[in-house]
Amino acid sequence: MSFQPVLPLTGYAGWGFLKRTMARQQAVQLAAPVQRRDEAYFRDRIGKIATAEQLVSDKRLLRITLTAFGLEGDINSKAFIQKVLEGGTLKEGSLANRLADKQYQKLSSAFGFGDYSVPRTKISTFPDEILSQFRARSFEAEVGAQNNTYRLALNAERGISELAAKSTSETAKWYSILGNAPLREVLQTALGLPKSFASIDLDQQVSVLKAKAEAAFGSASISQFADPAKLEGLVRRFMLRAEMQEQGTGSSPAAIALALLRS
């Protein structure tokens, strides 16, 4: 039997319930037979994988791997994933480095097929490294099957805090947001920008996002979201605006809550 999260409420109230019960629900997920079998299979097989071709040839290993990086939609794109893995990330012009979605870069770097003579699959701690990500991502996927807004919020909590902690420039961080569709959606929604915003020039998008973030949070930086309170405020805005979009603005509870936040 597969794991199904308990989500008895919707909207921001339901988000609060999920956050309060998440540790217990994740423990239930970890104990589910399907999850345990997947993890046991990965631990048993991954250390024997020496090439990208071997990895993509094992559909179960590939599924677990791609899920760990939020790329499970590419499960049938074996040739493409093999090229991403074989190209590595140490060469500036590699495929993983050229792709806008930096999850491919993270995937290629994690395995090291294209960068080292001995891939990182041979490291004793490698299974734990990938499986910890697999647990988080698969939990988010199960949540998303019932409520995609919650999945986007969970992903943003992890993804934006990781990005905020990086030493790269603020402009580079904003471009990373724009190259990650789920994070982009959270930021755009939280800052009240329409879906058509994605069609304007990239440099202009960054300028608008910085201005909107400064107006909403007091700073134009992504680094500010290393502060848990700032990150919670961002997610709260996203949740309330997403709820407004679902219910219609008017005098919905989400609209009233957002008005109070603004004041």
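Return yes when Ile123 is in contact with a Ser or Thr (Cβ under 9 Å, 6 or more places away or on another chain) and free of Cβ contacts under 8 Å to residues at least 60 places away in the same chain and no when it is not.
Numbers: in contact with a Ser or Thr (Cβ under 9 Å, 6 or more places away or on another chain): no; free of Cβ contacts under 8 Å to residues at least 60 places away in the same chain: yes.
No, not satisfied.
Within the option set Ala96, Ala31, Ala79, Ala110, being on the phi < 0 side of the Ramachandran plot, of a type outside the set (D, E, K, R) and in contact (Cβ under 8 Å) with a residue 40 or more places away in the chain holds for one residue only, Ala110. Of the residues making up segment 72-87, those that are surrounded by 16 or more Cβ atoms within 10 Å (Cβ to Cβ) and over 21 Å from the mean Cα position of the chain (by Cα) are Lys78, Gln82, Lys83, Glu86, Gly87. Scanning segment 13-44 for residues that are of a type in the set (Phe, Trp, Tyr) and closer than 16 Å to Asp128 by Cα yields Tyr41, Phe42.
Out of all the residues in segment 162-183, is one or more under 24 Å from Gly11 (Cβ atoms), within 13 Å of the chain's Cα centre (by Cα) and not hydrophobic (A, V, I, L, M, F, W, C)? Checked against the condition, which is being under 24 Å from Gly11 (Cβ atoms), within 13 Å of the chain's Cα centre (by Cα) and not hydrophobic (A, V, I, L, M, F, W, C), segment 162-183 yields at least one hit.
Taking Tyr104, is it of a type in the set (Ser, Thr, Tyr), at pLDDT 95 or above and within 28 Å of Tyr175 (Cβ to Cβ)?
Answer is yes for this residue.
The values are calculated or read from the model by the stated rules, or taken from the named source; none is laboratory data. For clarity, every value in this text was computed on a predicted model and none was experimentally measured. Note that each Cβ is placed from the backbone with ideal geometry, even for glycine, and that neighbours are counted across all protein chains shown.
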